Amino acid sequence: MKLSQLNTYPIKSTSGISISRSLVTEYGLAFDRQFVLSDSKGKFITARTKPALVLIKTTLTPQGLTLTAPDMPPLEIHYGDFSDQYQSVTIWGTQVAGQHCQTQYDRWFSDYLQQPCQLLFFGQASERYTPMLEDKPVAFADGYPILLISQASLGDLNSRCQGEIMMANMRPNIVVSGTEPYAEDSWKRIRIGTVEFAVVTPCGRCIFTTVDPVTGQRSSLREPLSILKQYRKGSDGEAHFGQNLVPLNTGVIELGDPVTVLETQTPEQYACET
């Protein structure tokens with residue numbers, strides 16, 4: 001088994017960046033979900049309600065980020081220009097202090113999404129922890145620092161769907177090749193290169209998976225979510241696909257690194273699985 005794909009998503013819900021190597025920090029891959037958009041009421045904005053977010057493409061620069069989006073001028077984001085002000089944003093019921101970047105960036109996103117919003121950064125004064133491991137930090141990812149999916153699992157899912165589901169639909173950070181489908185369900189602790197990870201919980205999937213990452217349009221068949229619910233519905237009522245990971249140490253991982261299973265567990269059983 002080896003690491004076959006690495007993706008980081010600097011701004012929550014926008015297009016990911018495919019990379020060949022990455023520093024793994026206690027918060028996950030470097031640059032991942034360090035930014036989030038907030039509405040005027042302090043609630044986070046995602047592509048679940050604003051699918052056009054997936055069409056925003058990001059390039060990392062020495063000063064920050066460069067953004068492009070349909071019918072919008074490029075936006076240069078510089079870390080050195082951020083304000084010193086923090087404001088509360090609610091992420092899945094948890095209030096987090098996010099560092100307000102600057103009003104110029106807010107206007108760009110507000111014009112693009114056609115609603116007032118603000119860009120916030122997970123700064124030095126920001127604090128948030130994972131639901132099941134309360135001593136493990138996480139930035140603006142949904143619940144855990146890293147999402148892992150095997151290439152074989154996506155292949156199996158595609159064998160059941162009418163349309164082609166891209167890995168980008170599922171938005172993983174880490175993709176592993178050389179496994180059987182859903183082998184990751186039974187992993188409890190793994191090592192990639194020199195970094196160890198705890199495999200904490202299956203990832204419950206939502207309507208976001210039905211958004212085409214190329215067009216920004218939702219699937220009329222609600223695929224792959226409708227299919228996942230038929231054979232991967234967990235005891236929590238959610239459709240599971242992929243595993244949430246927490247780093248146990250820091251280090252650099254890169255494409256081609258071996259993936260070693262250090263400890264296994266009994267996987268969840270899905271009654272309708274065939």
Original post:
Condition test on Lys43, is it open to solvent by less than 30 Å² (accessible area, probe 1.4 Å), farther than 17 Å from Val176 by Cβ, modelled with pLDDT of 95 or more and not hydroxyl-bearing (Ser, Thr, Tyr)?
Top reply: no
Subject >> Scan of region 1-57 for residues that are under 29 Å from Ala152 (Cα atoms) and of a type in the set (Phe, Trp, Tyr), ordered by number >> reply: Tyr9, Tyr27, Phe31
**OP:** Note down all Cβ pairs under 7 Å where the first residue falls in region 44-69 and is in contact (Cβ under 8 Å) with a residue 12 or more places away in the chain, the second is small (Gly, Ala, Ser) and loosely packed, with under 15 Cβ neighbours inside 10 Å, and they're at least six residues apart or on different chains.
**Re:** Gln63/Gly80
**OP:** Please give the helices (runs of 4 or more DSSP H) falling wholly within region 84-190 in which 3 or more residues are surrounded by 14 or more Cβ atoms within 10 Å (Cβ to Cβ) and either of a type in the set (Ser, Thr, Tyr) or at positive phi (or both).
**Re:** 103-113
Original post:
Somewhere in region 124-132, is a residue free of Cβ contacts under 8 Å to residues at least 40 places away in the same chain and touching an Asp or Glu at 6+ places or on another chain (Cβ under 9 Å)?
Top reply: yes
**OP:** Quick one: which residue in Val199, Val195 is in contact with a Gly (Cβ under 7 Å, 6 or more places away or on another chain), open to solvent by less than 20 Å² (accessible area, probe 1.4 Å), on the phi < 0 side of the Ramachandran plot and touching a residue at least 12 places away in the same chain (Cβ under 8 Å)?
**Re:** Val195
**OP:** Find the residue count for region 24-43, including only residues that are small (Gly, Ala, Ser), in contact (Cβ under 8 Å) with a residue 40 or more places away in the chain and either within 25 Å of Lys136 (Cβ to Cβ) or not in a loop (DSSP other than H, G, I, E, B) (or both).
**Re:** 3
Subject >> Only listed residue being open to solvent by 10 Å² or more (accessible area, probe 1.4 Å), within 27 Å of Pro131 (Cβ to Cβ) and touching a strand residue (DSSP E or B) at 6+ places or on another chain (Cβ under 8 Å), chosen from Glu254, Glu238 >> reply: Glu238
Original post:
Which one of Arg191, Arg218, Arg222, Arg205 is within 23 Å of Ala30 (Cβ to Cβ) and of a type in the set (Lys, Arg)?
Top reply: Arg191
**OP:** Note down all Cβ pairs under 7 Å where the first residue falls in region 164-176 and is within 21 Å of Ile227 (Cα to Cα), the second is assigned to a strand (DSSP E or B) and aromatic (Phe, Trp, Tyr), and they're at least six residues apart or on different chains.
**Re:** Met170/Phe241
Original post:
Does Thr66 fit the bill of being within 25 Å of Phe208 (Cα to Cα), open to solvent by 30 Å² or more (accessible area, probe 1.4 Å), within 21 Å of the chain's Cα centre (by Cα) and of a type in the set (Ser, Thr, Tyr)?
Top reply: no
Original post:
Under the condition of being closer than 13 Å to Leu157 by Cα, in contact (Cβ under 8 Å) with a residue 60 or more places away in the chain and not in a loop (DSSP other than H, G, I, E, B), which residue from region 203-229 is nearest to the chain's Cα centre (by Cα)?
Top reply: Leu228
Original post:
Is it true that some residue in region 257-270 is in a loop (DSSP other than H, G, I, E, B), aromatic (Phe, Trp, Tyr) and touching a helix residue (DSSP H, G or I) at 6+ places or on another chain (Cβ under 7 Å)?
Top reply: yes
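The values are calculated or read from the model by the stated rules, or taken from the named source; none is laboratory data. Worth saying up front: this structure is predicted, and the values here are computed from it rather than measured. In this analysis, Cβ positions are derived from the backbone assuming ideal geometry, glycine residues included, and neighbour counts consider all displayed protein chains. In case anyone asks, the SASA skips ligands and DNA or RNA and just uses the protein heavy atoms, side chains included. Shrake-Rupley method; radii C 1.70, N 1.55, O 1.52, S 1.80 Å.
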